Each structure stands twice: as structure tokens, then as C-alpha cells.
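Participant: Quick one: the structure is below, questions incoming.
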Amino acid sequence: MRRHLLIPVVVALALSACTGGNATESTTASTIAENVAPTTSDRTPAPEFPEGLDWINVDQPLDLASLRGKIVLLDFWTYGCINCIHIIPDLKRLEAEFPDELVVIGVHSAKFDNEGNTENIRQVTQRYDLRHPVVNDADFTVWDSWGARAWPTIALVDPEGNAVGIHAGEGVYDVVQPVIADLVTEYGASGQIDTTPIALVLERDRSPDTVFSYPGKVHADPGSDRVFIADTGHHQIVAATDDGTVTAVFGSGREGFADGTATTATFSSPQGLVVDEDTLYVADTNNHAIRSIDLATGDVTTLAGNGVQGWPPTGGPIESVELNSPWALELVGDDLFVANAGTHQIWTIDIVARTAQPSVGSAAEGTLNDVLLEASLAQPSGLVFATDGLLYFADSESSSVRSAAVQEEDGLTAPVAGGQESLFEFGDVDGVGSAARLQHPLGIDEHAGLLLVADTYNSKLKTVDPATGKTQSLYGSEHGWRDGTDPLFYEPGGLSVDGDIAWIADTNNHVIRTVDLATGITSTVVFSGIDSFTADADDYWGPVISIAAVSAGEGPADLVLGVNLPEGYKVNEDASSSMVLTDSGAIATFPDGATTDLTGATFPVQIPLELHEGRGTLTADLALVWCRKDAEGLCLFERNRFEIPLDVAATGPSASIRLPLTLTAPETG
């Protein structure tokens, strides 16, 4: 769904059902004032939140009565819906513009069974860096009380607790910002705005960092030892060998849209990857762009897209096209196929001719199979061009696997496995063709004539016979983490097959797994060397710990790093950890070198220094990979900078500088 009116809640809604997160374009009113209840007398009290719901990002349930004096924006969403994802930047923009007056509350009303689980919503709240309260409306109680009919829908409540209006679809900022500004003016003039911040307890602050953060896709370069990982939550691309040795990291780690070198370029939630010799193509999802990485130089450039979410979908020269949440890539000769999830299409970029255009899908969301450009897809999120000459795609919102005859002049799409009639035919059922049930699959590849599918919301790997549609569960059951012959996964988002090895982006476990399809053994890959690719000293932007100033005399000193690990945890013995020392003012030298290897270390660790007269700052950059003793593949990544001001005199006491750090075990749900 694109744009709908912001209309008074007292008016009956007449909206197209946004059954999978999208519907047809609607007309937007010329002025917002014509479509909201403009005064308190025209408004009705907003329905209160019922008791007994699970809340996230706050330590106790909220109610509208306690939010008097605030403008409240309710965001009705479900986390697999691409259109719901699209309005997150609008919500963040509004929160930044009205930090004291506006409270956004995410009302998560799940489409899929898996999306109704509170722990899964906690995960996605962190994944999308939501910094406002979220309530799990699993039974649609809040949804029904507001008369919502589509994902996404937003509703406004004024500072007196009255419903102002409701809007379904995208384009939220332009529609609602003038209304909020008018409410701020109206209630600010009478002193009825409460600017006291609400108390937040953000999920992201409760969890330690991990080596990878919600990796969405992985690509194993067939016939080589190269593996590439979309480290989606860190906004980076990691290159490694198949033994887990990290060889390069692309992207500074800051979210953004900038070309440049490996350390200065920026991405925004990258997903799909495909390699062509020394060029790696990246579906830079939230930037609505395809990026190109020169693996020889590390330089990042933009192949197509300009950072603008394109609508309506219009092909043309790659310099001018606007994409819409590209999620997966597949390369066939000079044709780069793009799962353009936001317009429910598959596009083709001709790399030589430098053109991009829709090749499958009409941009209407649905399950209709037809000639390629007349078919309706539903958020395609995984692609593989198979040996039978067909392009298969994981059609996530229809919970199905489908095919497209993209190399035929009058090619058709066709159903393969999963629902065919509506966007609500999902589940977890092995069977043949339309009798099988999947739940929001995101990844697909081919092995030994079968399709291997990441059935994401079922936390399973399944096989699909493309000839018969026979679907069978291969590995996984309830979500979790376990290696071996009976593995557990947690919402795997991508997979890539090289020979008999399937590489899995196990998204919510923050790890990359391998499945040996010949032996049936699943392993979690431990990556080493990633600490070598942290930001340079001049470009550091992570957490900084300031140590009290130290006065000392010239001569030998020592730095003592004391890390207090939770019980049952250790520093990983395979993945490299280190501390790098630098100084300003030429006040220190390092007899054993500036870099201390901390791989497998036990604490405290003592590092010798030689101090010299003067004043300056000693900087210690820590990169520590630590893990559970009984699960070494589930690694956490601690990255901190210690800054210690030093005043060194010609004579004085020797110094023992202590750097204390206590790590907290992640919560399990």
C-alpha cells in the first residue's frame, strides 16, 4: 500500500486490505487539515491499551492516561512486511524533530504465527534499532479497537488522550508531520504539552555486541575458498576464506550511503551478495541501491540506485533508475537479477548495456502466475538460477517458492511449492506443491537437482524438488542453536551452496553456519582476524571508557587489563583478539610492541610501558572475541577504547595503570 488519507477515527475506514504489506496506490488529499478532526470537540477518546500485553523497550506497561501531555503516534506493523520497514525512517525522523512532544509506540500486530512471539519481536526491535516502546498485540486487540485494516497503519492521539486521525500505507512523514506540528502549536500555547522524557529501557542496551549482527545473506564463491557475508546489523560486508579467516571488511560500520575505500564507504542494512571474479555486487537494501566492490582495491562504488525509494517502478539507464529495497541477487552472464522486494518484482540489470528494468512482476502484490510482467509477486527475497534454466525465487510474503522462465521470449511464472491462492497460506507442512506449507522463506539455492530453502520463520532448512514440488524438512525444528546432526537455527535468512557445503546466515543467532550435505553435520564457523579490521584511531566512533588521569615519573610502567567475564564464558581460543596502544605527545613507548595478542587470554593481562616526560593521552583499543565455554561458535564481540590522560614528570613514582571492564552475559529467551 502506498498512501492513504489521515482521516478522523470517527469516520468509518474504507481501505484496501493490505494483506501482505501492500495494496494499490490511493489518492492523497490536497491538505491534511481536510482529513483530520481539527479540534478537541470533533475528537473522541482514544481506546486504552488492554492489560496483560507484553511490552518491549520499557520496564513496565504503558497506558494512554499516563501519557497525557504527549502527542502519541501508534504504528501498527508486522515485522516481515516490507512496507512496515519502509516507514521506520519516517518514524525516526519524526522522533528526532519532536523529541520532547512526541511518543511513538509500535503496536506489533503479527501476520505470521512466528511474528507473534514476543522474543522474536525483541530480536527485530534490536535489528531495526527501534528506540521507542513496542507492544505485542498478538491477538489484534489494539488493532481492532482502532479499526485498523492494513499494514502499516499509524494513528495519532492528542495530549488530552483523544484520537486525532489514522493513516494506512507509506508516505507517513509528509502526511503526519504537519498535523503533529499543528498539535504542538495548539497545545503548547495553552501549556498542555509535557516535555518530560518517558523512561526507556532499550533492548539494544541489554545485549552485548556480537561478531556479526543479524547477518542476512551469505555467498560462497563456487570453486574457490572465498566466502562473503552481509553483516547486516553492522552495515558491513565481510570477506573470508572458507576456514574462517577474515581477509577484508568493507564499510566503516556507520550506517550511511557513501562510496569510497573499504574503510570509508558506508552501507545501510545490506543483504544479497553475488561475486563475478574480482567484483562483488551488494544489495544495499535500505539505501535502495546496488553497490559494487572491487575486491582487488577494496573500493566501493554504486552501480544502480541513488538512495531514493523508487515508486512507481520505472526502468532506464542505471544512472537514473530508483530501486526499492533490493534483497537478493543472482548473476547470469551479464544479467544481474535483483529481487526488488519493495515493488514485489524481479529486475534485471544489464551490466554491459548499463540499463535496469523490471523483468518479472507487475508491482501489484499477490500470487497470480502469468506472463512475466503480468504476474504478481509478494516480496521476493531469495534468488537462484537453476540448472534447468529457470529462475527460482523465495516469495516471502506468499510463503512459497516460485519460478520464472526469464530466458524465454514469452516466459511465465509458475508455482512450485507453498501457497498459491492467497498471502495467508503459510505454516510448516511437508507435502507436494500447493499442499506444502512454508513460513516467510528468505533464502534459496540449488544442490544435486533439488532446491535448498531457508524457511526462515520456521527456523528450518527444507528441500524442494523443482520438478514435482515435493517439499521436505531437512534440518531444524523450534528456534534455537545447536550444531551436529540434529541442528537448531533461529530465523536463517540466507544460504549459499558450494559443492556439498551449504553456508547459512543464521540471522538471529548472529552466526554463520555450515551444513555438510553429504554427512549431515552442521557446524558454527569461528571467524578469526576480524579484530584487524576495526576502525583506524582517527576514525574511531565506538564506545569510549575514560580512565582517571595518571601522574607518574619517567621510566618503566605497566598497563593492567582486567576483564571480568561472566561465569561459563571465556575468550575464544580460535578467533583473534587484541589490544592496540597509541599515544599522543610522545609520552609512551611499548617494549613488546603496540599490539598485544589476547587470543584465548585469561585475565588480568599485564602490558609493559616506558613512559617519557610530558603530557598526553594513552589510547588502548580493545577487540575481544568471547563465547560460552560450551558453545564456542556463538561468539560475542567487545570493542572498546580506553583513554588515559598521562602527566609524566622527570622523577616520580612508577605507574600501574588499570583498565577494568566487566562483561555481561546476554539474556536468553
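Participant: Report, by residue number, each residue of the stretch 644-669 that is charged (D, E, K, R) and surrounded by 13 or more Cβ atoms within 10 Å (Cβ to Cβ).
Facilitator: Across the stretch 644-669, the qualifying residues are Asp647, Arg658.
Participant: Now a separate question. Got a number for residues in the stretch 613-669 being part of a loop (DSSP other than H, G, I, E, B) and either among the hydroxyl-bearing types (Ser, Thr, Tyr) or closer than 30 Å to Asp483 by Cα (or both)?
Facilitator: Residues in the stretch 613-669 being part of a loop (DSSP other than H, G, I, E, B) and either among the hydroxyl-bearing types (Ser, Thr, Tyr) or closer than 30 Å to Asp483 by Cα (or both): 11 in total.
Participant: Test of understanding: among Gly529, Gly520, which residue is more than 15 Å from Gly484 (Cβ to Cβ), surrounded by fewer than 19 Cβ atoms within 10 Å (Cβ to Cβ) and not charged (D, E, K, R)?
Facilitator: Sole residue among the options that is more than 15 Å from Gly484 (Cβ to Cβ), surrounded by fewer than 19 Cβ atoms within 10 Å (Cβ to Cβ) and not charged (D, E, K, R): Gly529.
Participant: Considering each residue of the stretch 480-489, count those that are touching a Leu at 6+ places or on another chain (Cβ under 7 Å) and either hydroxyl-bearing (Ser, Thr, Tyr) or not in a loop (DSSP other than H, G, I, E, B) (or both), and give that number.
Facilitator: 1
Participant: Can you find even one residue in the stretch 183-196 that is in a loop (DSSP other than H, G, I, E, B) and buried (at least 22 other Cβ atoms within 10 Å of the Cβ)?
Facilitator: The answer is no; no qualifying residue exists.
Participant: Ser359 - would you say it is in contact with a Ser or Thr (Cβ under 6 Å, 6 or more places away or on another chain), polar (S, T, N, Q), assigned by TED's automatic domain parsing to the domain that holds Gly382 and in contact (Cβ under 8 Å) with a residue 60 or more places away in the chain?
Facilitator: no
Participant: (1) within 30 Å of Asp500 (Cβ to Cβ); (2) in contact with a Ser or Thr (Cβ under 7 Å, 6 or more places away or on another chain): which one isn't true of Glu203, the others all being true?
Facilitator: (1)
Participant: Return only the number of the condition from (1) assigned to a strand (DSSP E or B); (2) crowded, with 24+ Cβ neighbours inside 10 Å that Pro492 does not satisfy.
Facilitator: (1)
Participant: Yes or no: Gln379 in contact (Cβ under 8 Å) with a residue 40 or more places away in the chain and either farther than 25 Å from His86 by Cα or in contact with a strand residue (DSSP E or B) (Cβ under 9 Å, 6 or more places away or on another chain) (or both)?
Facilitator: yes
Participant: Then there's this: Spot the failing condition for Ala239; the list is (1) within 30 Å of Val104 (Cβ to Cβ); (2) not in a loop (DSSP other than H, G, I, E, B), and only one is missed.
Facilitator: Tallying (1) within 30 Å of Val104 (Cβ to Cβ); (2) not in a loop (DSSP other than H, G, I, E, B), Ala239 fails exactly one: (1).
Participant: Just the residues that are in a strand (DSSP E or B) and of a type in the set (Gly, Ala, Ser), please, taken from the stretch 259-313.
Facilitator: Hits for the stretch 259-313 are Gly260, Gly272, Ala283, Ala289, Ser292, Ala304.
Participant: Related question: Just wondering, is there one or more residues in the stretch 290-306 that are under 24 Å from Phe250 (Cα atoms) and touching a His at 6+ places or on another chain (Cβ under 7 Å)?
Facilitator: Checking the stretch 290-306: at least one residue is under 24 Å from Phe250 (Cα atoms) and touching a His at 6+ places or on another chain (Cβ under 7 Å).
So that you can scan it fast, the table gives a plain yes or no per residue for (1) farther than 21 Å from Ile198 by Cα; (2) modelled with pLDDT of 95 or more; (3) in contact with a helix residue (DSSP H, G or I) (Cβ under 7 Å, 6 or more places away or on another chain):
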| site | (1), (2), (3) |
| --- | --- |
| Ala33 | yes, no, no |
| Glu48 | no, yes, yes |
| Trp55 | no, yes, no |
| Gly69 | no, yes, no |
| Trp77 | yes, yes, yes |
| Thr125 | no, yes, yes |
| Leu130 | no, yes, no |
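Participant: On to the next question. Suppose we keep only residues that are over 17 Å from the mean Cα position of the chain (by Cα) and either within 15 Å of Phe527 (Cα to Cα) or polar (S, T, N, Q) (or both) within the stretch 221-232. Which one would you say is surrounded by the fewest Cβ atoms within 10 Å (Cβ to Cβ)?
Facilitator: Ser224
Participant: Determine whether Ser381 is more than 22 Å from Ala505 (Cα to Cα) and either in contact with a helix residue (DSSP H, G or I) (Cβ under 6 Å, 6 or more places away or on another chain) or of a type outside the set (A, V, I, L, M, F, W, C) (or both).
Facilitator: No: the conditions fail for Ser381.
Participant: Separate question: Quickly run through the stretch 309-323 and pick out the residues that are under 20 Å from Asn286 (Cβ atoms) and without any contact (Cβ under 8 Å) to a residue 40 or more places away in the chain.
Facilitator: Of everything in the stretch 309-323, those that are under 20 Å from Asn286 (Cβ atoms) and without any contact (Cβ under 8 Å) to a residue 40 or more places away in the chain turn out to be Gly310, Ile318, Val321, Glu322, Leu323.
Participant: Continuing with the same structure: Out of the residues in the stretch 435-458 that are farther than 17 Å from Phe489 by Cα and in contact (Cβ under 8 Å) with a residue 24 or more places away in the chain, state the one that is nearest to the chain's Cα centre (by Cα).
Facilitator: Top of the filtered list is Asp445.
Participant: Listed residues Ser292, Ser325; which is closer than 25 Å to Ser400 by Cβ, among the small types (Gly, Ala, Ser), at pLDDT 95 or above and in the same structural domain as Val249 (by TED's automatic domain parsing)?
Facilitator: Selected residue: Ser325, the only one of Ser292, Ser325 that is closer than 25 Å to Ser400 by Cβ, among the small types (Gly, Ala, Ser), at pLDDT 95 or above and in the same structural domain as Val249 (by TED's automatic domain parsing).
Participant: Then there is this: Scan the stretch 145-174 residue by residue and report those that are outside any strand (DSSP E or B), under 26 Å from Glu397 (Cα atoms) and touching a strand residue (DSSP E or B) at 6+ places or on another chain (Cβ under 8 Å).
Facilitator: Within the stretch 145-174, Trp146, Gly147, Ala148, Arg149, Trp151, Pro152, Gly169, Val172 qualify.
Participant: Scan Pro608, Pro591 and give me the residue that is surrounded by fewer than 16 Cβ atoms within 10 Å (Cβ to Cβ), in contact with a Pro (Cβ under 8 Å, 6 or more places away or on another chain) and either among the aliphatic types (A, V, I, L, M) or assigned to a loop (DSSP other than H, G, I, E, B) (or both).
Facilitator: Pro591
Participant: Among the residues of the stretch 111-124, are any in a loop (DSSP other than H, G, I, E, B), more than 30 Å from Asp209 (Cα to Cα), in contact (Cβ under 8 Å) with a residue 24 or more places away in the chain and not β-branched (Val, Ile, Thr)?
Facilitator: Scanning the stretch 111-124 turns up no residue that is in a loop (DSSP other than H, G, I, E, B), more than 30 Å from Asp209 (Cα to Cα), in contact (Cβ under 8 Å) with a residue 24 or more places away in the chain and not β-branched (Val, Ile, Thr).
Participant: A follow-up question, please. Considering only residues that are out of contact with any strand residue (DSSP E or B) (no Cβ under 6 Å at 6 or more places or on another chain) and among the hydroxyl-bearing types (Ser, Thr, Tyr), look in the stretch 280-327 and name the one that is surrounded by the most Cβ atoms within 10 Å (Cβ to Cβ).
Facilitator: So, considering only residues that are out of contact with any strand residue (DSSP E or B) (no Cβ under 6 Å at 6 or more places or on another chain) and among the hydroxyl-bearing types (Ser, Thr, Tyr), the one surrounded by the most Cβ atoms within 10 Å (Cβ to Cβ) is Ser325.
Participant: In the stretch 395-409, which residue that is touching a Phe, Trp or Tyr at 6+ places or on another chain (Cβ under 8 Å) and under 8 Å from Pro441 (Cβ atoms) is surrounded by the fewest Cβ atoms within 10 Å (Cβ to Cβ)?
Facilitator: Once the filter is applied, the top-ranked residue is Val401.
Participant: Within the stretch 449-472, track down each residue that is out of contact with any strand residue (DSSP E or B) (no Cβ under 9 Å at 6 or more places or on another chain) and more than 17 Å from Gly433 (Cα to Cα).
Facilitator: Tyr457
Participant: Would you mind finding the one in Ser576, Ser584 that is closer than 21 Å to Tyr540 by Cβ and either touching a Phe, Trp or Tyr at 6+ places or on another chain (Cβ under 7 Å) or surrounded by 18 or more Cβ atoms within 10 Å (Cβ to Cβ) (or both)?
Facilitator: Ser576
Participant: Still on this structure, please answer the following. Please indicate, with yes or no, whether at least one residue in the stretch 109-122 is among the hydroxyl-bearing types (Ser, Thr, Tyr), buried (at least 16 other Cβ atoms within 10 Å of the Cβ) and closer than 30 Å to Leu663 by Cα.
Facilitator: Within the stretch 109-122, one or more residues are among the hydroxyl-bearing types (Ser, Thr, Tyr), buried (at least 16 other Cβ atoms within 10 Å of the Cβ) and closer than 30 Å to Leu663 by Cα.
Participant: Next up: For the stretch 640-667, name all the residues that are acidic (Asp, Glu) and in the same structural domain as Pro556 (by TED's automatic domain parsing).
Facilitator: Of everything in the stretch 640-667, those that are acidic (Asp, Glu) and in the same structural domain as Pro556 (by TED's automatic domain parsing) turn out to be Glu643, Asp647.
The values are calculated or read from the model by the stated rules, or taken from the named source; none is laboratory data. Since the structure is predicted, the reported quantities are computational estimates derived from the model, not experimental observations. So basically every Cβ, Gly included, is an ideal-geometry build from the backbone, and we count neighbours across all protein chains shown.
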